[in-house]
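A.B. asks: Let me begin by handing over the structure; questions about it come next.
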Amino acid sequence: MRAISPISVTTYRLDLIIITLLAVMTSIITYTSGQMIDPVLFQPFTEDVWFGSDIERVVSNMSRRGAPNYRAKVHPLFTLITFPIVKGVRLITRVPPDTAVNLLVAGTTALWVGLLYTTLRLMGCRRFDATVFSVLALSSAALIFWTTVPETYLFGSLSLLVCLFLVALAQIKALPVWSYILMSIFSLSITTTNWMVGIAATVVNYSRKRAIFITGTALAITLLLWGVQSRIFRSTSFIADLGEEANYIFPKASGGPIRVLLGFFFHPMVVPALQVIPSNRQQPEWPLLSVQHSLPGSGSLAGAIAVGLWAILLGLGAIACWTEKKNLKLRLVVGVGLLGQLVLHLVYGEETFLYAIHLIPFLLIACAVATLTRWRSLAIGLAMLLIVFAGWHNHDQFFQATEFLKNRGPLRQQSPVVRSSLPAPSLWGGVSSQHPDIHS
């Protein structure tokens, strides 16, 4: 691996400028795009409408102390981490709870992009290359759809990116043990299954005995903090109460392994045609958005082109990760993370797109490895074309999704006869439906 000079403000002044510009641009875009979301999505009766997400519950956990915290069993410290920040934003700015939550989401997205850029630089990418892949992340379906609504997955993705950042940093600079303990705690605290990456990041840097000590310490501190959280937020569920999760094991709605594989590798970058499926909560007036059964590249010609470009870039990244000698520890953790997430979602979950932002850091970093090889020019060219075609297509699909929410508002008071009389949009130009009597 090429030598990297010691970290200093002077040496990396231009990087700090780029990170600042990316952060400002990201926060503005994210907050502005979030305003396109109809507030109806923050209501209990629209739970699962946005690709199976629980937005109302997440917003309540972030902004109301008395809100039911029954998902703490899989998101152990999410409320303990986010509630004080939202409360602080409200005290300082005097804004309503929903606005404070949106501000936190925008700030977290900016931190996410800055951390991605820094990780790419630490692994050896040139400034231009790291900037291109950071902008590509902003053009991805994962960030466009999952940083504009309040959900746990953005924060879970940040915890995964922290693990990758720490591994990249450890390749050029010795880090204290406490940094790995904090990293492991964070990876476990937002989404329990993400701990696999925190453990992998520890194992590649320490002996078995030390790795067990760090992992055990992280678990003990997390359990202690969970106890503190349960005292503050009385409705916190027990961290080991996972009985409900059995409902999401090998669900028929996932469509089987082929659908999961397609959703795993392609949907995080290029969202396919949106489909409307019946409500799973006996609320026919609020059907659900889904892409689980949509083919990659469907929805527009730009989407089809973007999927082709992404497939080539993924192939280059896979070859580079297999053949390159640099960043061995980082490549191992990326590989373990991708494999672990793939096995998880082949077994668990109905809508793979729901977890897209958990997957995109691994996919982007794997592809960015190609910029360290003789295929750099090709990789950068593909990434820049993807910014155009994927960005265009994903923003168009996002607009259609937001229009779906706005159009459902008045329609929910109308009869099924009126709803069924609406014309069905075409495959290439609008929200599609699996059912002839439900339209956007």
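A.B. asks: Kindly indicate which of I19, I92 is of a type in the set (V, I, T), at pLDDT 90 or above, outside any loop (DSSP other than H, G, I, E, B) and surrounded by fewer than 12 Cβ atoms within 10 Å (Cβ to Cβ).
C.D. replies: Every option except I92 fails the conditions.
A.B. asks: Might you check whether a residue that is surrounded by fewer than 21 Cβ atoms within 10 Å (Cβ to Cβ), at pLDDT 95 or above and in a helix (DSSP H, G or I) occurs anywhere in the range 357-370?
C.D. replies: The answer is no; no qualifying residue exists.
A.B. asks: If the requirement is being within 16 Å of L120 (Cα to Cα) and without any contact (Cβ under 8 Å) to a residue 40 or more places away in the chain, which of these qualifies: L328, L363, L338, L332?
C.D. replies: Just one listed residue meets the conditions, L328.
A.B. asks: Still on this structure: Could you check S294 against (1) at pLDDT below 95; (2) polar (S, T, N, Q); (3) over 15 Å from G349 (Cβ atoms) and say which number it fails?
C.D. replies: For S294, the failing item is (1).
A.B. asks: Also, quick follow-up: Yes or no: V276 crowded, with 18+ Cβ neighbours inside 10 Å, of a type outside the set (D, E) and part of a strand (DSSP E or B)?
C.D. replies: It is true that V276 is crowded, with 18+ Cβ neighbours inside 10 Å, of a type outside the set (D, E) and part of a strand (DSSP E or B).
A.B. asks: Filter the range 147-169 for residues that are small (G, A, S) and either closer than 28 Å to V49 by Cβ or at pLDDT below 95 (or both); which is surrounded by the most Cβ atoms within 10 Å (Cβ to Cβ)?
C.D. replies: S157
A.B. asks: Checking the structure you have, find out if any residue of the range 196-218 is closer than 30 Å to V49 by Cβ, touching a residue at least 24 places away in the same chain (Cβ under 8 Å) and crowded, with 24+ Cβ neighbours inside 10 Å.
C.D. replies: Yes; the residues of the range 196-218 include at least one that is closer than 30 Å to V49 by Cβ, touching a residue at least 24 places away in the same chain (Cβ under 8 Å) and crowded, with 24+ Cβ neighbours inside 10 Å.
A.B. asks: Would you mind telling me which numbered condition in (1) within 18 Å of the chain's Cα centre (by Cα); (2) at pLDDT 95 or above; (3) of a type in the set (D, E, K, R) E350 fails?
C.D. replies: So the condition that E350 fails would be (2).
A.B. asks: Still on this structure, please answer the following. Which of the numbered conditions does K329 fail, given that it passes all the others? Conditions: (1) part of a helix (DSSP H, G or I); (2) among the charged types (D, E, K, R); (3) out of contact with any Lys or Arg (no Cβ under 9 Å at 6 or more places or on another chain); (4) modelled with pLDDT under 90.
C.D. replies: (4)
Yes/no matrix, rows are residues, columns are (1) touching a residue at least 40 places away in the same chain (Cβ under 8 Å); (2) surrounded by 19 or more Cβ atoms within 10 Å (Cβ to Cβ); (3) under 24 Å from the mean Cα position of the chain (by Cα):
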| site | (1), (2), (3) |
| --- | --- |
| I232 | yes, no, no |
| A246 | no, no, yes |
| G256 | no, no, yes |
| G308 | no, no, yes |
| L313 | yes, yes, yes |
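A.B. asks: Further question: With the checklist (1) out of contact with any Pro (no Cβ under 6 Å at 6 or more places or on another chain); (2) crowded, with 20+ Cβ neighbours inside 10 Å; (3) not polar (S, T, N, Q) in hand, flag the one item A142 doesn't pass.
C.D. replies: Unmet condition: (1).
A.B. asks: Going through the range 75-112 one residue at a time, which ones are more than 16 Å from the chain's Cα centre (by Cα) and aliphatic (A, V, I, L, M)?
C.D. replies: Within the range 75-112, L77, L80, I81, I85, V86, V89, L91, I92, V95, A100, V101, L103 qualify.
A.B. asks: Examine the range 117-136 for a residue that is under 16 Å from I357 (Cβ atoms), among the hydrophobic types (A, V, I, L, M, F, W, C) and touching a residue at least 24 places away in the same chain (Cβ under 8 Å), and state whether such a residue exists.
C.D. replies: Yes, the range 117-136 has at least one match.
A.B. asks: Let me ask something else about it. Here is a list of conditions, (1) within 20 Å of L158 (Cα to Cα); (2) surrounded by fewer than 19 Cβ atoms within 10 Å (Cβ to Cβ); (3) free of Cβ contacts under 8 Å to residues at least 60 places away in the same chain, and V101 meets all of them except one; can you say which number that is?
C.D. replies: Result: V101 passes all but (2).
A.B. asks: Moving on to the next point. Any chance you could count how many residues in the range 153-178 are in a helix (DSSP H, G or I), under 25 Å from V369 (Cα atoms) and not aromatic (F, W, Y)?
C.D. replies: Qualifying residue count, the range 153-178: 15.
The values are calculated or read from the model by the stated rules, or taken from the named source; none is laboratory data. Note that the coordinates shown come from a computational prediction; the quantities given were computed from them, not determined experimentally. All Cβ positions, glycine included, derive from the backbone under ideal geometry; neighbour counts span all protein chains shown.
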